[in-house]
Every structure is written in C-alpha cells, then in structure tokens.
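J.: Next up is a structure, given as structure tokens.
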Amino acid sequence: PLEDLMLEVLLKENVEAAIKRYREFNADPLNAYANRQWSLRLVGRRLMNAHKRFDDAIEIFKLNVAEHPRSDESLLMLANAYQRAGKRELAVKTYEAALQLNPQNWEAVDALRSLRAKSEGAATQKP
C-alpha cells in the first residue's frame with residue numbers, strides 16, 4: 001500500500017523523498033481510485049505515534065490538507081500534530097479552520113476547549 005511505500009522512503013531518506021514518491025503514485029492512472037487521503041493520514045499517524053517524528057508528520061498532514069482542502073478531518077490531523085509538536089498557536093488556528101468546515105466536529109471543539117483552558121490556567125499562575 002501507498003502508506004507503506006511512503007513510510008519506508010521517509011525512514012530511509014527524508015520527508016521530501018516520501019512526498020515525491022506520493023506524487024509519483026498519484027500520477028499513475030492505475031492508482032486513480034486509491035484512497036490517498038486515508039494513506040496520508042496513516043503515514044502521519046505512524047510518524048507521530050510510533051516514531052515521534054512530529055515535524056515530518058506535520059509535512060505529511062500539510063500535504064493532505066493541500067490535496068483535500070475541504071476535509072475537516074485532514075485539518076484535524078494537522079492541528080493534532082501541531083499540538084503534539086508544541087506549536088500551540090498553529091494548533092488553535094488549524095482547529096478553528098476545521099470547525100469552519102464542520103462546526104459539529106466535536107474533536108476540534110474538545111481540543112480547542114482544552115488548549116484554551118491550559119492557556120488560561122498558565123496565565124493565572126504567572127506572578
């Protein structure tokens with residue numbers, strides 16, 4: 001599957017090589033009906049969970065958002081990667097973008113609530 005090919009290239013080389021492999025796969029008419037959005041999500045999640053490579057996961061999720069700009073799920077994955085990488089402001093903006101596409105996305109609502117609560121808690125603890 002595409003996700004295995006991309007992950008293998010990424011771990012042996014770098015994220016740019018994996019994205020190049022994705023574009024080659026995408027250009028092949030035989031792969032016209034492959035679920036590329038799902039594959040990109042799997043690659044990004046494996047990078048975050050198994051390999052703790054958050055910056056690489058962010059690049060994969062950015063590609064997924066570029067390829068599927070109307071997908072709140074793609075934005076949710078990118079926001080989660082930003083959050084796990086400690087990039088709070090980018091996480092908040094991306095969760096908000098996901099909610100613009102789907103105001104009923106409870107995962108984005110919960111994540112924003114949690115991020116804002118942590119931010120408010122940190123602000124009240126400062127002298």
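The values are calculated or read from the model by the stated rules, or taken from the named source; none is laboratory data. Model, not experiment: these values are computed from the prediction. Positions of Cβ are generated from backbone atoms using ideal geometry, with glycine treated the same way; all protein chains shown enter the neighbour counts. These accessible areas exclude ligands, DNA and RNA; they are computed on the full protein's heavy atoms, side chains included. Shrake-Rupley method; radii C 1.70, N 1.55, O 1.52, S 1.80 Å.
J.: With (1) in contact with a Lys or Arg (Cβ under 9 Å, 6 or more places away or on another chain); (2) open to solvent by less than 80 Å² (accessible area, probe 1.4 Å); (3) more than 24 Å from ALA27 (Cα to Cα) as the list, and HIS51 as the residue in question, which single condition is left unmet?
T.: Going through the list (1) in contact with a Lys or Arg (Cβ under 9 Å, 6 or more places away or on another chain); (2) open to solvent by less than 80 Å² (accessible area, probe 1.4 Å); (3) more than 24 Å from ALA27 (Cα to Cα), HIS51 breaks only (1).
J.: When segment 60-93 is examined, which residues are found to be open to solvent by 70 Å² or more (accessible area, probe 1.4 Å) and farther than 18 Å from ALA18 by Cα?
T.: Residues satisfying the conditions are PRO69, ARG70, ARG84, LYS87, ARG88, GLU89, LEU90, LYS93.
J.: Continuing with the same structure: For segment 9-48: of the residues being of a type in the set (Asp, Glu) and more than 16 Å from GLU59 (Cα to Cα), which is most open to solvent (accessible area, probe 1.4 Å)?
T.: It comes out as GLU24.
J.: Let me ask you something else. Taking segment 83-105, which residues are among the polar types (S, T, N, Q) and free of Cβ contacts under 8 Å to residues at least 12 places away in the same chain?
T.: GLN100, GLN104
J.: For segment 9-127, which fully contained helices (runs of 4 or more DSSP H) count at least 2 residues that are at pLDDT below 95, in contact with a strand residue (DSSP E or B) (Cβ under 6 Å, 6 or more places away or on another chain) and of a type in the set (Lys, Arg)?
T.: By residue number, no helices (runs of 4 or more DSSP H) qualify.
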